[in-house]
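Written out below as structure tokens is the structure these notes cover.
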Amino acid sequence: MFNAKRDAYVMIIPLVLVVVALVAFPTLYAYYVSFHESLLSGGTGAFNGISNYIHILTNKSFYGSIGYSAMFALLATVIELVVGTALAILMNREFKGKGMATSLILLPMMVAPSLFALIFRLTLNEFVGIIPYYLSKLGITTNPFDPSVVNITLLTIDALQWVPFVFIIVYAGLTIIPDEIYEASRVDGANAIQNFISITLPMLVPTIAIAAFLRGIDAFKVYDMIYMLTNGGPGESTTSVSLFIYKKAFLDGNIGEATAASILLTFVLAPPLSLATKYVLKKGG
């Protein structure tokens, strides 16, 4: 009995060391840096109390970046859920070329976000981009990165890359719905719309909840795409909170304030993420 307990502790030691090295130490060091005057050019300096936190909490750009990230995450998640679910339902049938079509749908998800954004940065360029060129042939001369339409452009590009993610999750959920349920419904005289409302949608709720949870988190911390396409502009109109923290650390050179912003963001996100996690686990259970 003693040897079994000893062996158990010995076997868990590597995991504990990994957790300490990858989670505990960086977290504690982040708190340490946030209470010091830490600059990119000069390392960690003198202790300055909560000065970094005060500077962040009185910075309107910080609140603006959180608001933009929340707005972007909400709109992107809703758009991708609707399109991805519709696409999954459309593909949930046998037809010639289904394998090839599925592969093409999933292809954008396999591209690195920064590379995907770079592709569109070139194709949407108002001077040399192929898309503005052909739009101009149709009499449409709108710049895709104009302040009035830049958010539509960003949401569209994000959807093009991440609709496949929602599609594959929802499609997997569709494949586990028993055919017997639909057969019984058809015997009762239900049509396709009634089947969708009374069978498909209710049984997909747990799957859609998981997809929404994962995409919402990922969309909130969007960085690569915005950095490559707009760098937060025009002005700060498309600055996400991840980009704000990046600029604070590597452009302003203030590691202390950037770390403080990251820690404050953790406390801001903890309550809604906790509630969302409980909801997803409840639906999934």
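Listed by first and then second residue, the pairs with beta-carbon distance under 7 Å, at least 6 apart or on different chains, first residue in segment 204-232 and in contact (Cβ under 8 Å) with a residue 60 or more places away in the chain and farther than 23 Å from residue 120 by Cα, second among the polar types (S, T, N, Q) and assigned to a helix (DSSP H, G or I), are 208/85; 212/77.
One line per residue, one yes/no per condition, for (1) at pLDDT 95 or above; (2) hydrophobic (A, V, I, L, M, F, W, C):
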{"residue": "141", "(1), (2)": "no, no"}
{"residue": "155", "(1), (2)": "yes, yes"}
{"residue": "178", "(1), (2)": "no, no"}
{"residue": "197", "(1), (2)": "no, yes"}
{"residue": "209", "(1), (2)": "no, yes"}
{"residue": "224", "(1), (2)": "no, no"}
{"residue": "237", "(1), (2)": "no, no"}
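Residues that are under 30 Å from residue 203 (Cα atoms) number at least 2 in the following helices (runs of 4 or more DSSP H) confined to segment 22-124: 60-91, 98-106. Per the listing 112, 172, the residue uniquely exposed (fewer than 13 other Cβ atoms within 10 Å of the Cβ), farther than 17 Å from residue 223 by Cα, modelled with pLDDT under 95 and among the aliphatic types (A, V, I, L, M) is 172. One residue is enough: does segment 36-50 have a residue meeting the conditions surrounded by 15 or more Cβ atoms within 10 Å (Cβ to Cβ), of a type outside the set (Val, Ile, Thr) and within 27 Å of the chain's Cα centre (by Cα)? Within segment 36-50 (the criterion being surrounded by 15 or more Cβ atoms within 10 Å (Cβ to Cβ), of a type outside the set (Val, Ile, Thr) and within 27 Å of the chain's Cα centre (by Cα)), the answer is no, since none of the residues qualifies.
Rundown of residues vs (1) surrounded by 12 or more Cβ atoms within 10 Å (Cβ to Cβ); (2) assigned to a helix (DSSP H, G or I); (3) over 20 Å from the mean Cα position of the chain (by Cα), yes/no style:
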site: 148; (1), (2), (3): no, no, yes
site: 156; (1), (2), (3): yes, yes, no
site: 160; (1), (2), (3): yes, yes, no
site: 163; (1), (2), (3): yes, yes, no
site: 167; (1), (2), (3): yes, yes, no
site: 181; (1), (2), (3): yes, yes, yes
site: 185; (1), (2), (3): yes, yes, yes
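The values are calculated or read from the model by the stated rules, or taken from the named source; none is laboratory data. Computed from a prediction, not measured in an experiment: that's the story for all the values here. Cβ coordinates were reconstructed from backbone atoms using ideal geometry, including for glycine residues, and neighbour counts include every protein chain displayed.
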